[in-house]
Amino acid sequence: MQPPDVSRQYGLCCALVVCAHLATEIVLGDQHGQVWLILSKFTAIGLVVGILCCYSVRRNWQPTGMMTLLAIGVMVGPLLIEPLWRILFGIGHPYEIQLLIGFRNLALLNLIWARTIKYERLAIVTSLFAMLFCISSSNDPSLIWICGLFMMLGICWLCVKYWSELRTDCVRGEKRATPWPLFGIVAVLLLGALLTMSMPATVRTRMVEGFMPSSGGTGRADAYARSGVGDGDGLVAATKEALSFAPLEDAPFIEGQEPSLYDVFQDTYGEPKVPKKFDRALSLPPELFNKNHHRMAKAKKSSRTFSIDRQTPQPKNHRHLQDTPSNAMLHLVGTVPCHLREMTYDLFDGTEWIPEEDRPNHERKLSVVPVNEKPWITWPTRPSQFVVTSDEQHALRVLNVKTNRVLSPVNLKGVHIDLCDRADLFGWAQEDILTMRRSTLPGMTVIHVVSSLIDPRDLKGSDINLGYGQENYQVLPVGLGMSEIQKLAEDWTRDAETDWEKVLAIGDRLRSDYRLDPSSVPPENCSNPLLWFLTESHSGPDYQFATAAAVLCRSVGISCRTVSGLYASPDKYEFATQQTSVHPSDVHWWAEVYVGNQSWVTLEATPGYEQSQRTLGILAKAGVLIVSGGELAIQYWPITLVIFLLTGWGIRERERIESQLLSWLWELQFRGSETSPGRLRTMILTTIRLLDRKLTLSRTPRSVSRTFGSQLAADPTFPVASSLSEVDRKYLSRAFDWACYSPRNKDSDALESARVHQLCRSLMHQTIFRQQHS
Amino acid sequence: MNQTLLDHPAEQQELLRHKLDRLRQLLNERLKGKSDIVEQVLICLLAQGHLLLEDQPGLGKTTLAKALAGGLGEQFARVQCTPDLLPSDVTGFNLFNQKSQEFEFRKGPVFAEVLLADEINRATPRTQSALLEAMAERQVTIDAQRYPLPETFFVIATQNPIEQHGTYPLPEAQLDRFAMKLSIGYPEQADEIAMLDQAILRDQSASRDSIPAVFEPGELLSLQQLVSSISVESHVQEYLVKVGHRTRKHSRIHLGLSPRGLLIWQRCAQSRTFLAERDYVTPDDLQATAIPVLSVRLGIDDTQPQGIITELIEEIPVPIAPKESHR
């Protein structure tokens, strides 16, 4: 015969699981919407489990070792059967629903053995899981009622369980072990969560992205997906023929109002000054001179050069230059910071940067390669020979800018636009700048780009030689002050041993000793704006930094070039949409260092801008967490110090502190000089429990196999007894025995409650010194 | 049902306690320096159990038994067990009376209130088992005729642990009928000197071993009834059962504690409680009687069973009072 509590508990458990089962069936039937189908399936499964439950109760079925296997089976079963269903019947469920079915099955399985407390708890927990799953994945109105019922039943179950446990405890009189390790884990998790909360949003975001399998953004599409995550059908092209991206037939004839990148550059950096007539020359070998001279002239003619000697930019009153959400030039999904390159420059004549030649790149012949059934435009690349690279994928959507160049990170490897499966739509604008053969990039279309990123951190220890590559990347202007710049470069890189260390030294020096000031322009009649920036003003716009980095690197024999483009800043990352907006103010200049095999590394010399780094793994994220925690601690160091000292003191004196707290607790409960006879037993028992804790704290625990009274009476060295006389000890021992072992309804006539109270108080306030371990 | 000391008239109780103290005192005088043994013997007596003394010859086993019988004012009998001792020598037998032409029952020593079975392991198993019924059920059956024994029937058996030849070790069934096994052990030097002194003085006296009777007939029985009515709290009983269960699972104990053993143990603890002038049993009472009670009935694969019993007791935490009910 089972006690009433147990059968009540079992009944409630059954009701909870049935609720979860019904909710699951409703969610499953969401797509079909036929009530009779849902109910009949619910009843059929319910009946089978019910019969098994009855059988289990009657036969007193005990779970065997097979239970674990069975549990795994019912949990994983739906996932394994799914492909079969899909192939055979053409029906199926999305991944999250398969998981839900697994949880429901587990709850039903546990119900069969739920008379055992362990399985009852498992049944409740799994049904709770299933219920939460259901609520979050469907908006069927009936679920609200079922959820309400589930909650009420759950509360009832908790109440019944509490009472029955209380009763069991009272009958057994056992002290149940406190699950300290569990508390510890919960505390650590809470602490971790709190620490995470206290961190800047960007760090937090970087830590959690990609942790969940259903985070989305993976481009995975599932024919059976319900909605939202994993529903790859969300992006539907306007037409099957992807030759035109125009949503309207007359779209090609409408002239866009978007500013071109050139306009944005001009507006941001100000107009170039009219060139002065002074001696400028390039230190080119004679055989290259003619060709480059010709190129220079051509570029100047088409205004594609970029002068670093410019006028002060006008205040940004252009509407299209404001950083409003509606004014974003493009949206980027992927790791930030990201340098999106638009044009590269190789020759520098002291004032102007000449863009690289638009030469046909035969080596990089474009072709279409299907990846996951999507067309990707790729070309042969040589793997980098000595550095580790990691592939980074970005998706960008051009909104408000006119350019036909595919804005992409360095070392581009492939481009994909959905339904765009012809390689002749693309071409090379420069050495490694891809362009579309049309006037602008298609607006509102997602462009996926894959690039191989060389993390500057990986180059740190390597002693690679960066002094090769085309001669164009090493050309230095010859003119007034160039020798000073060269001397400066040698000065700065004196301590550097390897080429990369030189690069780092130059970059670090620029970032630390120079200030970014977009309005700082060279004075009139300045013969060498770069020298003026490096030696006099120590401040300037970002192109000055890029130029300085490139020229200084070239001065010490490192192949280098400058790049103009857009900078996707981590500050503009939006957590909600997981994308970064790029605004007109994000136009940027930076330098790139050649590391061989057509691979480049971004050299970001402008303060306030960050170098692109590879996406962090989980371990690295943990590292970031620790580091940012440390930074926080350093930032608020007085508080940290106080917490540290308090914690240290607390740990050192923890026994004493807790012991004192216990004494106060006793005083709080039994104030006054006497305990009423009715409370005498409670007082003594409380004293025993608190004393036990005090003894444990002082590392002199009482022997559990002997009664407290006998130890008090017989052992004068018993720590709590040392202050009492033998008579008192014997008296108290008798009182303790009475409180612990005499019938509850019996008062002690032989004990004076005032004396016992006094003796107990003296015991509670006695300091028990921690035993010294030799 | 829970009858306590308070249910008896206070003066009578006082008197009985006083007499018990007097008996203890007399026994202590007779057996120098063995107050703890005397205490255990009294516990065994009050618990209505039988006592097995296992020790070397000449340590005072018989002295103790005779003194006890004298103090109790009971009839004392002694059987010297030898291999040729017959069951009828112990229980008694029917003798045909030529004059009356009828069978007459001649009572054996078992009909005494205190029986000393000396060197019990020298008797044959047949004779040993004749004692079995007498000890367990306080009755003997001869020729299908049942003869009840006095209610205070108390067996003190002795056995010699050294000699192996010509002995029949007591079977477990027989051992379980004893409440306790005690070893008296050698006295201290001072006690031995006191004993020698006393012997010179006492040589003149006529009764060498007997002590004056302390109890009136029936008083021992009412004492025993008082003891059996002392209450034992459920958490203390739970502790007792836990220890019992542990003996059944211990790797070095091949025969655990029987339910009868639990009953006897509880009764012994009650006796100790009575002697300590308390009216509730504590785990201390159980622990104090653990070795004599357990060593007689546990099958321990060791020459030193005390060590294992002590270990066992130390393994199991004693209960503190159950938590206050919140209902």
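The values are calculated or read from the model by the stated rules, or taken from the named source; none is laboratory data. Everything quoted here is computed from the prediction, not taken from an experiment. In this analysis, Cβ positions are derived from the backbone assuming ideal geometry, glycine residues included, and neighbour counts consider all displayed protein chains.
Just a few scattered comments:
- Which numbered condition B:Gln287 misses (of (1) under 16 Å from the mean Cα position of the chain (by Cα); (2) facing another protein chain (nearest Cβ under 9 Å); (3) polar (S, T, N, Q)): (1)
- Pairing residues of region B:113-129 that are under 25 Å from B:Leu72 (Cβ atoms) with residues that are of a type in the set (Lys, Arg) and at pLDDT below 90, at Cβ distances under 7 Å and at least 6 apart in sequence or on separate chains, gives B:Leu116/B:Arg78; B:Asp118/B:Arg78.
- Restricting attention to region B:49-75, the residues that are in contact with a helix residue (DSSP H, G or I) (Cβ under 9 Å, 6 or more places away or on another chain), buried (at least 22 other Cβ atoms within 10 Å of the Cβ) and either among the acidic types (Asp, Glu) or closer than 19 Å to B:Leu221 by Cβ (or both) add up to 7.
- Exactly one residue out of A:Cys54, A:Cys19 is in a helix (DSSP H, G or I) and surrounded by 13 or more Cβ atoms within 10 Å (Cβ to Cβ), and it is A:Cys19.
- Filtered by the rule that a residue be among the aromatic types (Phe, Trp, Tyr) and more than 8 Å from chain B (Cβ to nearest Cβ), region A:693-748 gives A:Phe718, A:Tyr731, A:Phe736.
- When the strands (runs of 3 or more DSSP E) confined to region A:551-663 are screened for residues that are touching a Leu at 6+ places or on another chain (Cβ under 8 Å), those reaching at least 2 such residues are found at A:560-568, A:579-582, A:587-596.
- Test: residue in region A:611-629 that is in contact with a Cys (Cβ under 7 Å, 6 or more places away or on another chain), surrounded by 13 or more Cβ atoms within 10 Å (Cβ to Cβ) and more than 14 Å from chain B (Cβ to nearest Cβ): yes
- Among the residues of region A:111-131, the ones that are hydrophobic (A, V, I, L, M, F, W, C) and without any contact (Cβ under 8 Å) to a residue 60 or more places away in the chain come to 5 in all.
- Selection within region A:31-42 - surrounded by 15 or more Cβ atoms within 10 Å (Cβ to Cβ) and either of a type in the set (Val, Ile, Thr) or at pLDDT below 85 (or both): A:Ile38
- As a summary of the residue check, A:Leu690 satisfies the conditions (1) away from chain B (no Cβ under 13 Å); (2) within 52 Å of the chain's Cα centre (by Cα) except for the one numbered (1).
- Any hit, region A:256-271, residues being modelled with pLDDT of 75 or more and assigned to a loop (DSSP other than H, G, I, E, B): yes
- Residue tally, condition assigned to a helix (DSSP H, G or I) and more than 14 Å from chain B (Cβ to nearest Cβ), over region A:665-682: 5
- Exactly one residue out of A:Val449, A:Val406, A:Val415, A:Val478 is of a type outside the set (S, T, N, Q) and without any contact (Cβ under 8 Å) to a residue 40 or more places away in the chain: that is A:Val415.
- Among the residues of region B:31-47, the ones that are at pLDDT 90 or above and either assigned to a loop (DSSP other than H, G, I, E, B) or touching an Asp or Glu at 6+ places or on another chain (Cβ under 7 Å) (or both) come to 1 in all.
- Members of region A:505-518 found to be in contact (Cβ under 8 Å) with a residue 40 or more places away in the chain and of a type outside the set (S, T, N, Q), listed by number: A:Ile506, A:Gly507, A:Leu510, A:Arg511, A:Tyr514, A:Arg515, A:Leu516, A:Pro518
- Selection status of A:Thr445, more than 30 Å from A:Leu534 (Cα to Cα) and modelled with pLDDT under 85: yes
- B:Val318 being within 8 Å of another protein chain (Cβ to nearest Cβ), within 24 Å of A:Arg734 (Cβ to Cβ) and surrounded by 14 or more Cβ atoms within 10 Å (Cβ to Cβ): yes
- Test: residue in region A:569-587 that is within 30 Å of A:Asn465 (Cβ to Cβ) and among the hydrophobic types (A, V, I, L, M, F, W, C): no
Matching residues to (1) in contact with a Lys or Arg (Cβ under 9 Å, 6 or more places away or on another chain); (2) modelled with pLDDT of 85 or more; (3) outside any helix (DSSP H, G or I); (4) within 14 Å of another protein chain (Cβ to nearest Cβ):
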{"residue": "A:Arg115", "(1), (2), (3), (4)": "no, no, yes, no"}
{"residue": "A:Thr126", "(1), (2), (3), (4)": "yes, yes, no, no"}
{"residue": "A:Leu153", "(1), (2), (3), (4)": "no, yes, no, no"}
{"residue": "A:Leu158", "(1), (2), (3), (4)": "no, yes, no, no"}
{"residue": "A:Leu194", "(1), (2), (3), (4)": "no, no, no, no"}
{"residue": "A:Met199", "(1), (2), (3), (4)": "no, no, yes, no"}
{"residue": "A:Arg206", "(1), (2), (3), (4)": "yes, no, no, no"}
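Residue-wise test of (1) in contact (Cβ under 8 Å) with a residue 12 or more places away in the chain; (2) small (Gly, Ala, Ser); (3) crowded, with 22+ Cβ neighbours inside 10 Å.
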site: B:His250; (1), (2), (3): yes, no, no
site: B:His254; (1), (2), (3): yes, no, no
site: B:Leu257; (1), (2), (3): yes, no, yes
site: B:Asp279; (1), (2), (3): yes, no, no
site: B:Pro283; (1), (2), (3): yes, no, yes
site: B:Ala290; (1), (2), (3): yes, yes, no
site: B:Asp301; (1), (2), (3): yes, no, no
site: B:Ile308; (1), (2), (3): yes, no, no
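- Of the residues making up region B:225-277, those that are more than 18 Å from B:Gly299 (Cα to Cα), more than 12 Å from chain A (Cβ to nearest Cβ) and touching a strand residue (DSSP E or B) at 6+ places or on another chain (Cβ under 8 Å) are B:Arg267, B:Cys268.
- Test: A:Leu662 is within 14 Å of chain B (Cβ to nearest Cβ) and in contact (Cβ under 8 Å) with a residue 60 or more places away in the chain: no
- Spans of strands (runs of 3 or more DSSP E) in region B:48-135 with at least 3 residues closer than 25 Å to B:Ile291 by Cβ: B:50-54, B:114-118
- Members of region A:312-335 found to be within 18 Å of A:Asp542 (Cβ to Cβ), surrounded by 15 or more Cβ atoms within 10 Å (Cβ to Cβ) and modelled with pLDDT of 70 or more, listed by number: A:Pro313, A:Met329
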